[in-house]
1. So which pairs qualify, if the first residue must be in the stretch 230-257 and on the phi > 0 side of the Ramachandran plot, the second must be among the charged types (D, E, K, R), the Cβ gap must be under 7 Å, and the two must be at least 6 apart or on different chains?
2. Name the single residue that is surrounded by the fewest Cβ atoms within 10 Å (Cβ to Cβ) among those in the stretch 162-190 being touching a Phe, Trp or Tyr at 6+ places or on another chain (Cβ under 9 Å) and of a type in the set (S, T, N, Q).
3. Limited to the stretch 59-72, what total is found for residues that are assigned to a loop (DSSP other than H, G, I, E, B), in contact (Cβ under 8 Å) with a residue 40 or more places away in the chain and out of contact with any Lys or Arg (no Cβ under 8 Å at 6 or more places or on another chain)?
4. Only one residue in V114, V81, V128, V109 is under 23 Å from D290 (Cβ atoms) and surrounded by 16 or more Cβ atoms within 10 Å (Cβ to Cβ). Which one?
5. Just one of A102, A75, A91 is assigned to a helix (DSSP H, G or I) and either at pLDDT 90 or above or closer than 19 Å to A138 by Cβ (or both); which is it?
6. So which of L253, L243 ends up being closer than 23 Å to R183 by Cα, hydrophobic (A, V, I, L, M, F, W, C) and surrounded by fewer than 19 Cβ atoms within 10 Å (Cβ to Cβ)?
7. What pairs can you find where one residue is in the stretch 258-285 and at positive phi, the other is part of a loop (DSSP other than H, G, I, E, B) and not aliphatic (A, V, I, L, M), and their Cβ atoms are less than 8 Å apart, with a gap of 6+ or different chains?
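The values are calculated or read from the model by the stated rules, or taken from the named source; none is laboratory data. Quick caveat, the model's predicted, so the values are computed rather than measured. Don't worry about glycine lacking a Cβ; one is built from the backbone with ideal geometry, like all the others, and counts go over all protein chains shown.
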Amino acid sequence: MTNSSLAAAKPRMPRKPDWIRVRAPTSAAYGDTRRLMRRLGLNTVCEEAACPNIGECWQRRHTTVMILGDICTRACAFCNVATGKPRPLDAEEPAHLAEAVAELDLRHVVITSVDRDDLEDGGAGQFVACIEAIRARAPQTTIEVLTPDFLRKAGAMEAVVAARPDVFNHNLETVPRLYPGIRPGARYFHSLRLLDRVKENDPDMFTKSGIMVGLGESRSEVHQVMDDMRSAGVDFITIGQYLQPTQHHAPVLDFVTPEEFADYQRAALGKGFLLVSATPLTRSSYHADDDFQSLREARAAQPRYADPR
């Protein structure tokens, strides 16, 4: 095939619309947050995943710490995190994270991680250590974990649930048809079952999951993912626009309009989710502190909490 044929076969990314353009981070609080992360040797998914909301969130001194290093053992087609051989675990990471939470005076913190298929427990022990360190240093802070799938890591999810985070988040990321190309190291129904098992282990724990749109999924496929999440008892769904980090990542096939996101929001609420965030700039930890308060209020407003399964 000629170069011109290859160019013709490659999907052309649609022009970025005005509704997903954001300002570059320039505030003093942004700089303060960045310096704190560097001083404590902490990685953030805000930086590693090139999150478009970093300026807004760091101005508010909200950050999502990425534990277990900055090198992932997988190579998902949508993700900007480096892939390779990870370095050994940092034994001081839980204490440094707790120090950052206390210094930032966070009401709510989100802890995520790279995938660590090289570790026997997939990194679950480090999640537990981080939860315990934060509870000891900043007991008023509520904790949300955004975990990997712990594929073939027996007992890993159970260990994290036993540490009692306030929210257990694991993202399905996309519709099952697109997994081979977008998330080749993962399995859709394993991830779905993981969320289901969290509820089996602790029916009162809030669970959360999210997907990206704009990768070529159909509306009916998105609705099916919503139904699958509800069958697993997921309380909170996030839906956001996929943005291609570099030319080497999966291309954006469609920029979903704000009106389409509003349709997804209405549909998800109709399916029984306690909370829905569906906007072009929605990300898993975007406004997570306010969302957690809304989650608690939504559950309290129910006549009687019942497992949807």
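1. G233/D196; G233/K199; G233/D307; G233/R309
2. Once the filter is applied, the top-ranked residue is N169.
3. To start, the set of residues in the stretch 59-72 that are assigned to a loop (DSSP other than H, G, I, E, B) comprises 60-63, 68-70.
This time we only want the ones that are in contact (Cβ under 8 Å) with a residue 40 or more places away in the chain, so: 61-63, 68-70.
Of the ones still in play, those that are also out of contact with any Lys or Arg (no Cβ under 8 Å at 6 or more places or on another chain) are 61-63, 70.
Selection size over the stretch 59-72: 4.
4. Working: V114 fails: under 23 Å from D290 (Cβ atoms); V81 fails: under 23 Å from D290 (Cβ atoms); V128 fails: under 23 Å from D290 (Cβ atoms).
Answer to the selection: V109.
5. Numbers: A75 fails: assigned to a helix (DSSP H, G or I); A91 fails: assigned to a helix (DSSP H, G or I).
Only one candidate qualifies: A102.
6. On the way: L243 fails: surrounded by fewer than 19 Cβ atoms within 10 Å (Cβ to Cβ).
One residue alone meets the criteria, L253.
7. G272/P308
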